[in-house]
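A short worksheet on the structure shown next.
The values are calculated or read from the model by the stated rules, or taken from the named source; none is laboratory data. Since this is a predicted model, take the numbers as computed values, not measurements. Cβ sites come from the backbone with ideal geometry, for glycine too, and all protein chains shown count toward neighbours. Accessible surface areas use protein heavy atoms only, side chains included; no ligands, DNA or RNA. Shrake-Rupley method; radii C 1.70, N 1.55, O 1.52, S 1.80 Å.
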Amino acid sequence: MAEPKFLAENMLGSFLACLETARKFANALIDGTALWKSVDDVAVEQIAGGLRSARPLNSFKSVLLPARELVARYGEGEQKDPLQEAADSTVALVGVRGCGCRALAYLDAVMLNEPPESFYRVRRENTIVISVDCAEAAPTCFCDLLGGNAYPEELFDVNLSPVESGYVAAAGSKKGSELLEKNQRLFSEATPAHLEQMRQMRQETAEQLRQQNREYTFPEDFQEDLPQSVEGMFWRYELSGCVQCGGCTAVCPTCYCFLLYDGERAPGAYERVRAWDSCQFSGYAVMAGPPGATKPDPRREHMSKFQHRFAHKFWYDLVNWGVLGCVGCGRCGQTCPGAIDLRRVLSEVKKERVEHG
Amino acid sequence: MAENPYRPLKAELLEVIQETPTIKTFVIRPERPIPFAAGQFVQLTVPGIGEAPFTPSSSPSVAEELGISVLRTGRVTDSLHELEPGVTLGVRGPFGKGYPTEKLEGKTVLVVGGGVGLAPLRSLLHHLFENINSYEHVAVRYGARDPSELLYRREFEAWGEKDRVSFDVTVDVPDESWDGKVGVVTTLLEELGLDVENTYVVSCGPLIMLRFVTLACLNLGFRPEQIYLSLNRKMSCGLGKCGRCNIGPYYLCKDGPDMCYEKIKDYKDVFSA
Ligand SMILES: Cc1cc2nc3c(=O)[nH]c(=O)nc-3n(C[C@H](O)[C@H](O)[C@H](O)COP(=O)(O)OP(=O)(O)OC[C@H]3O[C@@H](n4cnc5c(N)ncnc54)[C@H](O)[C@@H]3O)c2cc1C
Ligand code: SF4
Ligand code: SF4
Ligand code: FES
């Protein structure tokens with residue numbers, strides 16, 4: 001890779017402009033909270049603020065896997081294929097964090113294994129990832145406890161590290177190198193002082209994470225310990241806070257469950273829509289059953305829904321993909337009205353195993 | 001560009017056969033053939049209403065026309081049951097792995113069906129009967145709630161008369177027309193007299209039945225790896241992506257729907273309903 005560059009703060013707008021994609025999304029600071037927003041809807045100062053704050057409350061997954069989207073038309077009338085429309089569009093994501101890059105790696109594993117999910121695949125191919133180091137961690141962040149760093153290490157095209165009055169820009173892919181090359185007028189060489197500021201900023205964030213997470217200890221072997229802990233009393237305490245709102249799964253960058261719905265747009269013309277679903281909802285796993293009888297539900301008990309979320313992320317994903325389905329972004333803990341914090345639950349799993357091992 | 005996996009193929013509804021008061025067989029002709037293996041399933045679309053998963057009950061050696069036997073039980077199946085031949089449906093698939101027919105070669109196959117569960121098993125029976133010389137013996141055991149709910153009743157006699165095939169049937173609740181056996185399907189397993197060591201079990205039916213069939217077979221000395229269960233879950237995508245059809249780490253739409261009991265026995269939601 002070429003030497004790192006320096007992007008001055010006042011060049012951020014020009015940098016965003018040089019991304020030649022049909023759609024652009026970036027972190028923007030709105031009333032003190034960073035959120036993913038369309039670049040067209042916010043001022044460049046808000047983006048500068050967003051890139052320097054903790055990770056946004058929502059996740060970029062809604063760009064790659066929208067909450068609700070038309071996936072097929074069938075029957076009479078216009079037959080323009082929504083997949084073609086998705087393939088024809090390009091998108092830039094500005095502000096993917098270290099945890100976001102790991103979430104991308106996870107979604108790639110799930111969505112691109114045979115048979116690949118076509119919509120995700122065409123969008124992913126047409127996405128440019130501009131990642132950013134976390135100059136600050138959110139209070140619920142715990143990437144460090146899962147072995148992650150608060151700066152991107154994989155799957156980015158260009159990474160920006162916020163330093164004094166600008167960013168250190170490093171290419172992470174051929175696409176990224178070409179982007180920097182083509183727009184070299186926007187950049188200067190990064191100086192040793194810039195690189196030192198970057199090193200310090202990374203160290204400070206790591207220290208912040210260490211401080212805020214020092215009371216938590218996670219199991220060393222989730223696959224072994226999680227199934228062993230399911231009878232633990234602490235689960236009941238945690239469950240009592242859950243109101244099944246589905247907020248945790250909606251903000252999670254790795255939760256991907258969906259459901260297909262059909263409708264009639266005009267007489268004889270039909271549409272199929274794909275919409276997010278949540279394993280925490282009551283209808284999620286309800287099956288068809290004999291007429292008149294209560295429909296079977298393999299996870300009827302609230303507890304089995306609650307534990308399923310953990311089992312999927314910290315057990316089944318290890319079996320299937322060899323990686324955890326959680327990147328420690330802390331979004332679920334921040335959004336949960338019952339203040340259910342994965343750090344506490346996973347530390348309880350560990351404690352249960354130590355006490356009753 | 002790859003084909004849109006969510007867009008159904010057009011399929012003409014050729015024929016509707018009333019099998020029982022609650023089950024009809026729908027014969028469809030997709031706009032292009034859908035080659036499937038016994039036990040693989042399709043998502044059948046009632047336009048504008050939605051899709052539901054079904055395992056064709058017709059012979060896997062015919063890809064141009066598919067027969068699908070459907071129990072009327074809810075939103076999609078209610079609207080299906082209202083339809084007359086001539087209308088256009090939609091179909092996606094095939095999905096899943098299908099039955100392990102190669103593994104069964106040279107063995108005795110014990111096929112245990114309950115209620116509409118005989119429908120998916122029938123594609124397997126077609127395959128076994130068409131290649132009967134590759135199998136030691138095929139023992140079909142079937143149970144339904146009452147005589148009127150017996151699926152494919154008109155074919156029972158012919159099945160029983162085939163070489164290397166045995167057939168037995170029971171109902172939970174008899175009526176005046178019934179002079180056959182009475183009792184749940186597991187009662188037919190008690191008097192099997194099969195060489196357990198050389199036999200594989202394949203079963204499909206309501207969850208509660210699968211549970212008792214599994215227990216009965218374990219009691220008879222079958223090992224978990226000899227038992228294959230067609231498991232039902234709510235399904236949507238058929239591609240292993242929408243997440244809902246799991247048992248532990250397995251996605252039934254991709255890894256199943258027929259699962260070796262050995263693989264799933266340790267996950268607690270296998271039989272819960
Ligand atoms: C692999 C497989 C093979 C099968 N093979 C057969 C077969 O050969 N023959 C047979 O009769 N049955 C078969 N079934 C069962 C069959 O799929 C169900 O009976 C069918 O799905 C019932 O659909 P329904 O809409 O009529 O029932 P409902 O009870 O209305 O719905 C069934 C499922 O769809 C959900 N649902 C209902 N309404 C909506 C909605 N508006 N939006 C989203 N979801 C909704 C329900 O929650 C439920 O999970 C099979 C099932 C599987 C998984
Ligand atoms: S956000 Fe909290 S309350 Fe809502 S479903 Fe998730 S765990 Fe339950
Ligand atoms: S489970 Fe919670 S902490 Fe883990 S990736 Fe999802 S939102 Fe982030
Ligand atoms: S039906 Fe979607 S994952 Fe199995």
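Numbers for the structure displayed
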quantity	calculated
The lone exception for residue B:97 - which of (1) within 14 Å of chain A (Cβ to nearest Cβ); (2) open to solvent by less than 30 Å² (accessible area, probe 1.4 Å) it fails	(2)
Unique match (being in contact (Cβ under 8 Å) with a residue 12 or more places away in the chain and assigned to a helix (DSSP H, G or I)) among A:12, A:70, A:93	A:12
Test: residue A:140 is closer than 27 Å to residue A:204 by Cα and open to solvent by less than 30 Å² (accessible area, probe 1.4 Å)	yes
Leading residue by the ranking (most open to solvent (accessible area, probe 1.4 Å)) among those in the stretch B:40-51 that are within 9 Å of chain A (Cβ to nearest Cβ) and hydrophobic (A, V, I, L, M, F, W, C)	B:49
Given (1) modelled with pLDDT of 95 or more; (2) touching a strand residue (DSSP E or B) at 6+ places or on another chain (Cβ under 8 Å), number of the condition residue A:80 does not satisfy	(1)
Filter result for the condition that a residue is outside any helix (DSSP H, G or I) and modelled with pLDDT under 95, over A:353, A:299	A:299
Among the residues listed as B:243, B:248, the single one being within 16 Å of ligand 2 (Cβ to nearest atom) and not assigned by TED's automatic domain parsing to the domain that holds residue B:39	B:243
Residue match in the stretch B:226-242 (condition: more than 12 Å from ligand 1 (Cβ to nearest atom) and assigned to a helix (DSSP H, G or I))	yes
Pairs where the first residue, in the stretch B:145-163, is in the same structural domain as residue B:178 (by TED's automatic domain parsing) and the second is among the acidic types (Asp, Glu) and open to solvent by 50 Å² or more (accessible area, probe 1.4 Å), C-beta under 6 Å, 6+ apart	B:145/B:172; B:147/B:175
Yes/no for residue A:338 being in contact (Cβ under 8 Å) with a residue 60 or more places away in the chain, open to solvent by less than 10 Å² (accessible area, probe 1.4 Å) and more than 16 Å from ligand 1 (Cβ to nearest atom)	no
Condition broken by residue A:294, with the remaining ones in (1) assigned to a loop (DSSP other than H, G, I, E, B); (2) open to solvent by 50 Å² or more (accessible area, probe 1.4 Å); (3) within 16 Å of ligand 2 (Cβ to nearest atom) satisfied	(3)
Test: residue in the stretch A:319-341 that is more than 7 Å from chain B (Cβ to nearest Cβ) and acidic (Asp, Glu)	yes
Single match in A:219, A:253 (criterion: away from ligand 1 (no atom under 16 Å from the Cβ), surrounded by 20 or more Cβ atoms within 10 Å (Cβ to Cβ), over 21 Å from the mean Cα position of the chain (by Cα) and assigned to a loop (DSSP other than H, G, I, E, B))	A:219
Test: residue in the stretch A:273-282 that is buried (at least 16 other Cβ atoms within 10 Å of the Cβ), under 21 Å from residue A:239 (Cα atoms) and among the polar types (S, T, N, Q)	yes
Residue satisfying condition, being in contact with a strand residue (DSSP E or B) (Cβ under 9 Å, 6 or more places away or on another chain) and either at pLDDT 95 or above or of a type in the set (Ser, Thr, Tyr) (or both), within set A:265, A:236, A:274	A:274
Residues located in the stretch B:29-39, provided they are part of a loop (DSSP other than H, G, I, E, B) and within 14 Å of chain A (Cβ to nearest Cβ)	B:31
Answer residue from the stretch B:203-225, given it is in a loop (DSSP other than H, G, I, E, B) and within 14 Å of chain A (Cβ to nearest Cβ) and is modelled with the highest pLDDT among those	B:205
Only listed residue being away from every other protein chain (no Cβ under 14 Å), open to solvent by 20 Å² or more (accessible area, probe 1.4 Å) and more than 25 Å from the chain's Cα centre (by Cα), chosen from A:236, A:210, A:265, A:214	A:236
Long-range neighbours under 7 Å by Cβ, at least six apart or interchain, first residue away from chain A (no Cβ under 11 Å) and farther than 14 Å from residue A:70 by Cα within the stretch B:1-18, second of a type in the set (S, T, N, Q) and open to solvent by less than 40 Å² (accessible area, probe 1.4 Å)	B:17/B:25
Enumeration of residues in the stretch A:222-234 that are away from ligand 3 (no atom under 16 Å from the Cβ) and not in a loop (DSSP other than H, G, I, E, B)	A:223, A:224, A:225, A:227, A:228, A:233, A:234
Hey, residue A:343 among the basic types (Lys, Arg), surrounded by 18 or more Cβ atoms within 10 Å (Cβ to Cβ), within 16 Å of ligand 2 (Cβ to nearest atom) and part of a loop (DSSP other than H, G, I, E, B) or not	no
